[in-house]
1. Determine the shape class of the range 12-61: with a ≥ b ≥ c the square roots of the Cα gyration tensor eigenvalues, call it rounded for a/c under 1.5, and otherwise prolate if a/b is greater than b/c, oblate otherwise.
2. Let's see if you can work this out: charge +1 on each Lys and Arg Cβ, -1 on each Asp and Glu Cβ, no other charges. What is the dipole magnitude of the chain about its Cα centre, in debye to the nearest 20?
3. Report the net charge of residues surrounding M9, where surrounding means a beta-carbon distance below 13 angstrom and charges are Lys +1, Arg +1, Asp -1, Glu -1.
4. Normalising by the residue count of the range 12-61, find the relative contact order in percent from Cα pairs under 8 Å and 6+ residues apart.
5. Run the helix sum for the chain: -39,500 (n - 2.57) per DSSP H stretch of 4+ residues, divided by residue count, reported at 222 nm to the nearest 500 deg cm²/dmol.
6. Among L146, A64, V52, pick out the residue whose Cα is farthest towards the positive end of the charge dipole of the chain, where Lys and Arg carry +1 and Asp and Glu carry -1 on C-beta, about the Cα centre.
7. Sort out the exposed loop trypsin sites (Lys or Arg not before Pro) in the chain (DSSP loop, at most 13 other Cβ within 10 Å) and tell me the longest stretch that has none.
8. If you plug each phi of the range 55-69 into the Karplus form 6.51 cos²θ - 1.76 cosθ + 1.60 with θ = phi - 60°, what whole-Hz ³J(HN,Hα) values come out, in order, with x for Gly and Pro?
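What follows is calculated from the coordinates using simple rules that are stated; it is not laboratory data. Source: prediction; values computed, not measured. Heads up, the Cβs are rebuilt from the backbone with ideal geometry, glycines too, and the neighbour counts pull from every protein chain shown.
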Amino acid sequence: MTQTPFPPMAPIRVDRDGLWAWDGRPMVHDGILRYLKQHLELDSDGNYWVAVGPSRVPVLVADAPLSVEALLDGPPRLRLDDDSEEPLSGALVLEMSADHRLFAPVKAGRYRALLSRAAHHQVWEGLEEDGDGHVLTLGASRVPVLLRS
């Protein structure tokens, strides 16, 4: 008996604010979103996909598929909305868009993450200029920051 393949699924869309939707409906269940983000893949052509069972569902991303929820101290790291944490072993690289939203490269620079409002606020509260540029204070840690526009 041969198996018939599943028909292609409608793409998941991630809007410019990081909100996920499928078939025109917002995806709001935290557990489902976390699963999808944890299984997000980026192919060599720059296309995003999520493996769901035997199917690969395309993910169309306006700006960034992940979000930075918080900046943590001891040691300095970013907490992402897929339940992972990214260590800050060097400078924190931030890209500011024309509308003042902040993005950070994550997952070894392969993905781009939008800073949540809370994380954005953390940056502006702890950011200061020093002789060589900008530094972010996170608890007892001071992290160099590279701001790009």
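1. On the way: a/c = 1.70, a/b = 1.25, b/c = 1.36.
Oblate is the answer for the range 12-61, as a/c is 1.5 or above yet b/c matches or exceeds a/b.
2. On the way: 15 positive and 22 negative charges, 91 e Å.
Result for the chain is approximately 440 debye, rounded to the nearest 20.
3. +1
4. Numbers: 59 pairs, mean separation 16.5, N = 50.
Once normalised by length, the contact order is 33 percent.
5. Numbers: 2 runs with 19 residues, N = 149.
About -3500 deg cm²/dmol.
6. With unit charges placed on the Cβ atoms, the residue in question is V52.
7. Numbers: sites that count: R16, R110.
My reading of the result: 17-109 is the longest stretch.
8. Each residue of the range 55-69 in turn: 9, 10, 9, x, 10, 9, 10, 6, 10, 8, x, 10, 10, 8, 7 Hz.
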